[in-house]
1. With labels modelled as points extended 7 Å from the Cα through the Cβ direction, what inter-label distance (nm, one decimal) is found for MET82 paired with PHE117?
2. How much length is gained on full extension from LEU30 to LEU101, taking 0.36 nm per residue of separation minus their Cα-Cα distance?
3. Specify the angular offset, from 0 to 90 degrees and rounded to the nearest 10, of the alpha carbon long axis of helix 2-20 from the longest principal axis of the alpha carbons in the chain.
4. Give me the Kirkwood hydrodynamic radius of the chain, using the inverse of the mean 1/r over all pairs of distinct Cα atoms, in Å to one decimal.
5. Express the relative contact order of the chain as a whole percentage, based on alpha carbon pairs under 8 Å and six or more residues apart in sequence.
6. Using helices alone, what [θ] at 222 nm do you get for the chain, with -39,500 (n - 2.57) per DSSP H run of 4 or more residues, divided over all residues and rounded to the nearest 500?
7. Keeping all protein chains in place and using 1.4 angstrom, which order do LEU114, LEU122 fall into by accessible surface area, from largest down?
8. Please report the accessible area of TYR39 (heavy atoms, 1.4 Å probe, ligands and nucleic acids excluded) in Å², nearest 10.
Amino acid sequence: MKKTLWAFLLLWISSAVKGLQANQGGHVELTRLKMSLMYVRAIKTFRLLFMSLLGVGICMVLLFTGLILFHVSLFLYTTWSMETKLLVGFLSSAVYLLATLIIFSQVFAPEKWLEIFHAHGLIEHLKEEAVARQGKSESTNH
């Protein structure tokens, strides 16, 4: 979204500069080409994002429908006593809650996201720079 806004802003600025300059060079055309490329890439990114979200949404609806139908058929058509059905319901709820907590902790862990976007090297580099700056500031203070 940010890139798209920047592309529109740069396109608007380049058209304003074009109106001010009578003799323009190849820089404006190059800028237009780069902005057009960024715009096309933004469209591709939004399309892929929409398709991913739509696919995940459909999968979630099907999963929840299957889960609900399983439990409805389990509790309506079994010949268990009410206490057994209640116990099975509570145990399955506990299993689902624990599984959800475990999955969320794994999926949304900061280390996992750093690994996905290959940012471990960047973090290490920033730590090294911070230590180097701290060492320089301490040596100038003494």
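The values are calculated or read from the model by the stated rules, or taken from the named source; none is laboratory data. All values reported here derive from a predicted model rather than from experimental measurement. Methodologically, a virtual Cβ is constructed for each residue, glycine included, from the backbone with ideal geometry; neighbour enumeration extends over all protein chains shown. Note: areas computed on protein heavy atoms with side chains; ligands, DNA, RNA excluded. Shrake-Rupley method; radii C 1.70, N 1.55, O 1.52, S 1.80 Å.
1. 5.4 nm
2. Values: separation 71, 0.36 × 71 = 25.56 nm, distance 5.04 nm.
Residue separation times 0.36 nm, minus the Cα-Cα distance, leaves 20.5 nm.
3. 20 degrees
4. Numbers: mean 1/r = 0.0451 Å⁻¹.
Value: 22.2 Å, from the Cα pair sum.
5. Numbers: 22 pairs, mean separation 23.9, N = 142.
Relative contact order comes out at 17 percent.
6. Details: 5 runs with 126 residues, N = 142.
So the helix-based figure for the chain works out to -31500 deg cm²/dmol.
7. Details: LEU114 55, LEU122 100 Å².
So the residues, ranked largest to smallest area, are LEU122, LEU114.
8. It works out to around 100 Å².
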